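Here the structure is laid out as structure tokens; the discussion comes afterwards.
The values are calculated or read from the model by the stated rules, or taken from the named source; none is laboratory data. Note that the coordinates shown come from a computational prediction; the quantities given were computed from them, not determined experimentally. Cβ sites come from the backbone with ideal geometry, for glycine too, and all protein chains shown count toward neighbours.
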Amino acid sequence: MTIESLYDDVTPIKPSKAFSEKAIIKTDDDYNKANTDRLKFWEEQAKQLTWDQAWDTPLKWERPIAKWFVNGKLNATTNCLDRHIMSKKTDKTALIWESESGDKQSLSYKQLHDKVCRLANYLSQSCNIKKGDRVTLYMSLTPELAIAVLACARIGAIHSVVFAGFSAESLQDRLNDSESVCIITGDIAIRRGKSIKLKEIVDQALDNAPSVKHVLVHKRTTEIVNWVNNRDHDFNEALNSSSSYHEPESMDSEDPLFILYTSGTTGKPKGIIHTTGGYLTHAQYSTKIVFDLKDDDIYWCTADIGWITGHTYLIYGPLLNGATVFMYEGTPDYPNEGIFWDLIQRYKISIFYTAPTAIRAFMKSGESIPEQYNLASLRLLGSVGEPINPEAWNWYYTHIGQKQCPIVDTWWQTETGGIMITTLPGLHDMKPGSAGKPLPGIQAQCLHDDGTAIHSGGGLLSLTEPWPSMARGIWGDSKRFNDVYWSKFDTYFAGDGAIVDDNGYFTLLGRVDDVLNVAGHRIGTMEVESSLVDCPKVAEAAVIGIQDRIKGQAILAFVILKEGISESIDLENELKQFVAKKISPIAKPKAIIFTPDLPKTRSGKIMRRLLKQAANNETLGDTTSLSNPQIIKDIQKQLSK
Ligand code: WTA
């Protein structure tokens with residue numbers, strides 16, 4: 001059985017001539033080179049980095065473990081910082097930061113290098129942290145978090161960034177799983193006008209995290225925090241008291257650079273391991289070609305460093321390219337719904353990379369908000385994290401990009417380390433809702449359940465050749481790594497459903513566990529959700545499968561209405577008909593639940609698993625990653641009525 005595409009064909013949109021003429025990638029050359037000799041192509045990209053020692057073999061592949069650029073040696077921060085300060089970029093702005101309360105900071109490459117070296121010295125000299133030790137970072141999105149990430153990389157400590165919205169319990173699990181010897185945190189984080197006492201959460205987590213010997217605290221306020229002598233250190237004093245000269249650790253290409261925890265289908269998070277040479281190679285290359293990154297760009301990726309997008313496309317990728325990166329500590333709707341557009345106008349942001357969930361929230365509040373700002377500095381838009389439905393795509397293209405900016409819809413995962421599938425902005429036509437083609441050097445296929453390839457149509461997405469930034473394992477659990485990603489097929493199983501068309505464009509359908517089977521038809525939850533959101537009265541939607549005696553599965557939809565629209569039986573029927581008409585009668589929801597919100601992770605992903613458990617009257621599984629835990633209880637109540 002194949003996954004069926006029920007979308008109508010969409011008309012491709014060409015990037016403007018003005019954009020294409022100046023684009024970094026204008027031809028198929030890189031695709032051709034990679035197709036002719038993939039390893040040579042990746043070696044060429046790796047040569048764009050500065051190595052202390054050249055590699056002797058490009059790839060050793062013993063499925064599922066890849067070794068890239070074998071025996072090469074390099075340091076991430078030499079590449080992100082030192083080589084720029086030895087060039088004319090030394091005084092170029094590396095980071096610009098603003099917080100929701102209006103605090104500002106700007107650091108040149110030289111200043112950033114200085115701080116990173118000071119912290120590196122402190123960590124190694126005063127905390128005795130050595131190459132290979134794990135250091136957990138639990139901080140809000142500030143320049144100090146970027147400094148801490150880079151300081152770890154400089155001394156060869158493996159950083160594990162935990163998003164500063166996770167609970168003490170989640171933090172404790174991650175500290176213990178990684179056996180971190182040190183945690184770097186802040187006194188507070190600021191979110192929607194409230195201050196969150198990070199140090200208190202850390203102290204709670206440390207109740208039972210015996211490996212942690214040192215706590216560095218970046219104080220942003222004069223508030224007194226609990227202090228444990230001989231364990232706690234003042235971050236600012238650490239910088240002031242340390243030398244700004246630091247010799248970077250020369251790392252093996254395959255030494256781990258970081259661990260990043262991500263959720264799987266079971267409750268226990270997976271510590272995904274990325275190593276140095278291959279990861280940095282792809283981070284540098286993909287940032288440059290996908291975002292068409294040029295020297296005078298002001299680049300803003302709205303992701304937090306707590307997620308992979310923040311690692312690769314807020315820190316490593318742009319800094320490797322010597323770019324100017326804008327960082328904002330705040331949410332899209334606080335202190336007002338125009339804050340993002342205000343920032344774009346004030347900082348003349350030229351590249352803007354965000355998530356569909358944010359775009360749909362902007363749509364909900366209407367285009368009259370961005371219309372009040374001058375967004376003419378923008379030249380490229382990006383989307384990541386989940387499928388972007390064509391309506392949101394078109395809204396983004398029209399109201400934010402003024403139909404002048406190409407959109408790159410980038411498909412990838414924590415496990416892939418960097419972007420795998422997208423259009424290249426100056427080269428390819430865009431198809432709203434479809435991510436595009438695998439990047440040069442990346443091979444993807446849709447597979448049948450039995451592993452045979454589908455050349456046109458829907459199936460399970462697999463990456464079929466090893467690539468430099470692929471995950472090297474799950475921390476402490478090589479069996480799980482093998483089971484989750486490498487046991488279904490011979491090649492890497494991404495866990496997503498996708499449709500590939502005759503032009504080689506991939507349209508993502510969401511996680512496979514979210515694929516519905518209605519009367520023998522496999523339908524992506526995304527397609528149904530997308531059609532619901534297409535209805536002008538609907539702000540957001542999530543659908544799940546519920547058991548149905550006749551059809552096997554029926555569709556239950558959860559719908560958030562736009563402001564000013566009230567729920568009614570008539571509206572429910574209207575929406576059902578709308579989907580039936582838009583997609584097909586087989587995709588028509590059996591019932592619609594109107595709700596003011598949906599259960600979402602802190603990174604904005606809808607947790608359909610919880611909706612399924614609520615609908616099937618099962619006890620709820622792990623809810624610790626929910627940003628709004630109350631809503632699932634409210635939905636349970638509503639369903640039991
Ligand atoms: C989904 C985020 C459709 C997908 C970088 C993937 C997407 C999961 C897209 C990884 C996209 C990410 N279109 N789906 N452009 N980007 N996804 O690890 O289901 O947080 O498997 O990495 O997000 O999420 P993760």
| query | Between residues in region 602-629 that are without any contact (Cβ under 8 Å) to a residue 60 or more places away in the chain and farther than 19 Å from Val512 by Cβ and residues that are part of a helix (DSSP H, G or I) and β-branched (Val, Ile, Thr), which pairs lie under 9 Å by C-beta distance while being six or more apart or on different chains? | reply | Ala614/Ile632; Ala614/Ile635; Leu620/Ile632; Thr623/Ile632; Leu626/Ile632
| Residues (within 19 Å of the chain's Cα centre (by Cα), part of a loop (DSSP other than H, G, I, E, B) and within 13 Å of the ligand (Cβ to nearest atom)) located in region 419-434 | Ile419, Met420, Thr423, Gly433
| note | Matching residues in region 189-219 (of a type in the set (Lys, Arg) and over 16 Å from Ser140 (Cβ atoms)) number 1
| Do you know which of the residues in region 129-145 that are free of Cβ contacts under 8 Å to residues at least 60 places away in the same chain and in a loop (DSSP other than H, G, I, E, B) is farthest from His246 (Cα to Cα)? | Asp133
| query | Taking region 604-627 as the search range and keeping residues that are hydrophobic (A, V, I, L, M, F, W, C) and in a loop (DSSP other than H, G, I, E, B), which one is nearest to the ligand (Cβ to nearest atom)? | reply | Met607
| request: Quickly run through region 88-127 and pick out the residues that are modelled with pLDDT of 95 or more and hydroxyl-bearing (Ser, Thr, Tyr). | output: Thr90, Thr93, Ser99, Ser106, Ser108, Tyr109, Tyr122, Ser124, Ser126
| field | Residues (under 23 Å from the mean Cα position of the chain (by Cα) and β-branched (Val, Ile, Thr)) located in region 349-371 | value | Ile349, Ile351, Thr354, Thr357, Ile359
| message | Could you go through region 54-62 and let me know if any residue there is free of Cβ contacts under 8 Å to residues at least 12 places away in the same chain, of a type outside the set (Asp, Glu) and not in a loop (DSSP other than H, G, I, E, B). | response | yes
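Can you name every residue in region 182-202 that is of a type in the set (Ser, Thr, Tyr) and crowded, with 20+ Cβ neighbours inside 10 Å?
Thr185, the sole residue that qualifies.
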| request: Return only the number of the condition from (1) more than 16 Å from the ligand (Cβ to nearest atom); (2) at pLDDT 90 or above that Ser531 does not satisfy. | output: (2)
| Do we have any residue at all in region 42-50 that's in the same structural domain as Leu280 (by TED's automatic domain parsing) and closer than 29 Å to Gly459 by Cα? | yes
| note | Here the residues within region 208-234 that are outside any strand (DSSP E or B), in contact with a Gly (Cβ under 9 Å, 6 or more places away or on another chain) and in contact (Cβ under 8 Å) with a residue 40 or more places away in the chain are Arg220
| Test result for Gly322, buried (at least 24 other Cβ atoms within 10 Å of the Cβ) and either within 16 Å of the ligand (Cβ to nearest atom) or modelled with pLDDT of 95 or more (or both) | no
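Given the criterion within 14 Å of the ligand (Cβ to nearest atom), modelled with pLDDT under 95, closer than 22 Å to Gly436 by Cβ and in a helix (DSSP H, G or I), identify the matching residue among Thr357, Thr312. Lay out the reasoning, then the answer.
Working: Thr312 fails: modelled with pLDDT under 95.
Only one candidate qualifies: Thr357.
Pick from region 470-491 the residues that are outside any loop (DSSP other than H, G, I, E, B) and touching a residue at least 40 places away in the same chain (Cβ under 8 Å): which of them is farthest from the ligand (Cβ to nearest atom)? Give the derivation first.
Step one: of region 470-491, the residues outside any loop (DSSP other than H, G, I, E, B) are 473-474, 478-486.
Now drop any that are not touching a residue at least 40 places away in the same chain (Cβ under 8 Å), which leaves 473-474, 480-482, 484-486.
Values: Gly473: 16, Ile474: 13, Arg480: 16, Phe481: 15, Asn482: 18, Val484: 12, Tyr485: 11, Trp486: 16 Å.
Here the residue is Asn482.
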| message | Being without any contact (Cβ under 8 Å) to a residue 40 or more places away in the chain and within 23 Å of the chain's Cα centre (by Cα) is the filter here; which residues of region 159-195 pass it? | response | Ala168, Leu171, Gln172, Leu175
| request: Identify all residues within region 327-354 that are in a helix (DSSP H, G or I) and among the β-branched types (Val, Ile, Thr); write none if there are none. | output: Ile339, Ile344
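Taking into account only those residues within region 315-326 that are of a type in the set (Gly, Ala, Ser) and assigned to a loop (DSSP other than H, G, I, E, B), which is farthest from Leu378 (Cα to Cα)?
Gly322
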| field | Boolean, Gly451 is surrounded by fewer than 16 Cβ atoms within 10 Å (Cβ to Cβ), of a type in the set (Gly, Ala, Ser), part of a loop (DSSP other than H, G, I, E, B) and in contact (Cβ under 8 Å) with a residue 24 or more places away in the chain | value | yes
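Table: residues versus (1) of a type in the set (S, T, N, Q); (2) over 26 Å from Thr136 (Cα atoms); (3) under 10 Å from the mean Cα position of the chain (by Cα); (4) surrounded by fewer than 24 Cβ atoms within 10 Å (Cβ to Cβ).
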position: Val290; (1), (2), (3), (4): no, yes, no, no
position: Ile298; (1), (2), (3), (4): no, yes, no, yes
position: Ala303; (1), (2), (3), (4): no, no, yes, yes
position: Trp307; (1), (2), (3), (4): no, no, yes, yes
position: Thr312; (1), (2), (3), (4): yes, no, yes, no
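Can you confirm whether Cys80 is crowded, with 19+ Cβ neighbours inside 10 Å, in a helix (DSSP H, G or I) and not β-branched (Val, Ile, Thr)?
yes
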| remark: In the set Ala148, Ala164, Ala205, the lone residue that is small (Gly, Ala, Ser), in a loop (DSSP other than H, G, I, E, B) and crowded, with 23+ Cβ neighbours inside 10 Å is Ala164
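Per-residue answers, yes or no, for (1) in the same structural domain as Lys131 (by TED's automatic domain parsing); (2) under 25 Å from Ile190 (Cα atoms); (3) among the basic types (Lys, Arg); (4) loosely packed, with under 14 Cβ neighbours inside 10 Å:
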| position | (1), (2), (3), (4) |
| --- | --- |
| Arg220 | yes, yes, yes, no |
| Asn230 | yes, no, no, yes |
| Asp234 | yes, yes, no, no |
| Ser243 | yes, no, no, yes |
| Leu260 | yes, yes, no, no |
| Gly271 | yes, no, no, no |
| Thr275 | yes, no, no, no |
| said: If I ask for residues that are crowded, with 24+ Cβ neighbours inside 10 Å and not in a helix (DSSP H, G or I), which ones from region 167-181 would you list? | reply: Ser180
| request: Could you list, in sequence order, all residues of region 360-385 that are within 16 Å of the ligand (Cβ to nearest atom) and modelled with pLDDT of 95 or more? | output: Leu380, Leu381, Gly382, Ser383
| Residues of region 616-641 classified as touching a Phe, Trp or Tyr at 6+ places or on another chain (Cβ under 9 Å) and either more than 30 Å from Gly330 (Cβ to Cβ) or modelled with pLDDT under 90 (or both), total | 3
| Which one of these is within 19 Å of Leu293 (Cβ to Cβ) and surrounded by fewer than 16 Cβ atoms within 10 Å (Cβ to Cβ): Thr36, Thr57, Thr27? | Thr27
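Return the only residue of Thr398, Thr410 being surrounded by fewer than 24 Cβ atoms within 10 Å (Cβ to Cβ), outside any loop (DSSP other than H, G, I, E, B) and in the same structural domain as Phe493 (by TED's automatic domain parsing). Reasoning before the result, please.
Working: Thr410 fails: surrounded by fewer than 24 Cβ atoms within 10 Å (Cβ to Cβ).
That would be Thr398, the only listed residue that is surrounded by fewer than 24 Cβ atoms within 10 Å (Cβ to Cβ), outside any loop (DSSP other than H, G, I, E, B) and in the same structural domain as Phe493 (by TED's automatic domain parsing).
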